[in-house]
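Take a look at the structure below.
The values are calculated or read from the model by the stated rules, or taken from the named source; none is laboratory data. The structure presented is a predicted model; accordingly, all values stated were derived computationally and were not measured. Cβ atoms come from the backbone with ideal geometry, glycine included; neighbour counts cover every protein chain shown. Protein only, heavy atoms only, side chains kept; ligands, DNA and RNA dropped before computing areas. Shrake-Rupley method; radii C 1.70, N 1.55, O 1.52, S 1.80 Å.
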Amino acid sequence: MGSRSARARHVEVDGLHPDLAVIDQVAASLRAGSLVAFPTETVYGLGAAIDRPDALARIFEVKGRPATDPLIVHVADLESLVGVVAEIPAGVVDLADAFWPGPLTVVLPRGRLVGDAVTASGPTVGVRVPAHPVAERLLRAVGVGIAAPSANRFGHVSPTTAAHVLDDLGSRLGSADVVLDGGATPLGIESTVVDLSGARPAVLRHGGVPIEDLVAVLGEVDGTERRVAPEGTATAAPGGLLRHYAPDTPLVLVEGDLGLASRLLDALHERRVRPRVLDLPAAAERAATVLYSAMREIDAADVDLILAVALEPKGLGRGVNDRLFRAAHGRVVIDDSDVTVERLVAQVSGRDARARPR
Ligand code: TXA
Ligand code: MG
């Protein structure tokens, strides 16, 4: 598995019952300042110990991530937040009871254990307790928080397997770094990010905890509608950038049924475009699990336009739609009129004209 150019150590463990001796060795690597990619229930993270500024700086280098984009700190349990955040408000205890361990990141004023290298010099820090046996054992063995963004090239499709990590980052990691392979991640999309540092709770990113569930615990929450930050502007969470989670092949989001998608396929074929529908299960949980693998697969196929059909906008479906919308750079199609089809054809030929050497 993995690319030949990969230089990081690829270490396999059982995803449910990881060998603790192996976990201890990997924890020692983290403490010594190496980077470790590891599975969580959402996606693979690229981790560094929060007390190793040298390693934290390398996360940004390896990912090609802007220095302005803060990292999430992963901890083993609520108690381990002491010093990571300035204080633990009652609202966080309620959220922890309801969702931790699990796919919820909470943004709070940062504590003394968290430096500028983690927060991008900001006053707050995002924290979460992941629900994955490998992540949990690793956190306990390291004994300090692990800062980890998703283990992909910045802006690219997130990784749900160790092979995805090696494909994206293998050649950029060093021989002391580790890719800890605990199998495919079960949930498949990133955590929901909620900001509790302001006057009112605000959702910064839709994800593994559905908004409906969050509202049930917090009451009112801002930012539950789809929001995008215009390209090139500073933003609270780059997960809110319009272009994010994107495959290399152009993708459009079809807001309609499969009938619309198949009429578009026919119309595009007639105009010599090679489109394909991104094949996702209708059930949102299943769709989330396979979303990023399906995107990577279709991206590698001989296709010049990907049609992704939006899911029903409720529960995890919102998190999936949000990622499709951003992968589409906000290009949404709602009909198969001639104008729509011509616009799609122009998009594909525009790309070809740029890609073709003259
Ligand atoms: O499920 C996940 O959250 C995965 C796994 C590895 O835990 N991590 C992840 O990290 O998706 P990343 O860095 O790819 O996305 C974190 C998002 C970014 O959009 C970042 O800007 C935002 O959370 N974020 C992190 N800390 C923040 C803070 N202090 N204030 C505002 N946004 C923050
Ligand atoms: Mg990411």
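Worth a mention:
- Between helix 338-355 and the chain: long-axis angle, C-alpha atoms, 0 to 90°, nearest 10: 60 degrees
- A cut-off of 5 Å between modelled amide H atoms, ignoring neighbours fewer than 5 places along the same chain, links V309 with V254, L278.
- By average C-beta atoms within 10 angstrom, highest first, the peptides 158-166, 216-224: 158-166, 216-224
- Computed per residue of the chain from DSSP H runs no shorter than four, each worth -39500 (n - 2.57), the mean residue ellipticity at 222 nm is -10500 deg cm²/dmol.
- Normalised by residue number, the volume inside the convex hull of the Cα atoms of the chain is 139 Å³ per residue.
- Phi angles across the range 192-197 convert, under the Karplus curve 6.51 cos²θ - 1.76 cosθ + 1.60 with θ = phi - 60°, into 3J(HN,Hα) values of 6, 10, 10, 8, 10, 8 Hz, Gly and Pro given as x.
- Looking at the range 171-229, the accessible area is 40 square angstrom per residue; that uses a 1.4 Å probe and ignores ligands, DNA and RNA.
- Tilt relative to the chain, helix 20-31 - C-alpha long axis, 0 to 90 degrees, to 10: 90 degrees
- Across the range 85-178, the relative contact order, built from alpha-carbon pairs under 8 Å that are at least six residues apart, equals 21 percent.
- Heavy-atom accessible area order for L16, L311, largest first, 1.4 Å probe: L16, L311
- Nonlocal amide H pairs with L251, under 5 Å, H built at 1.01 Å: I306
- Principal-axis tilt of helix 133-142 within the chain, Cα atoms, nearest 10 degrees: 40 degrees
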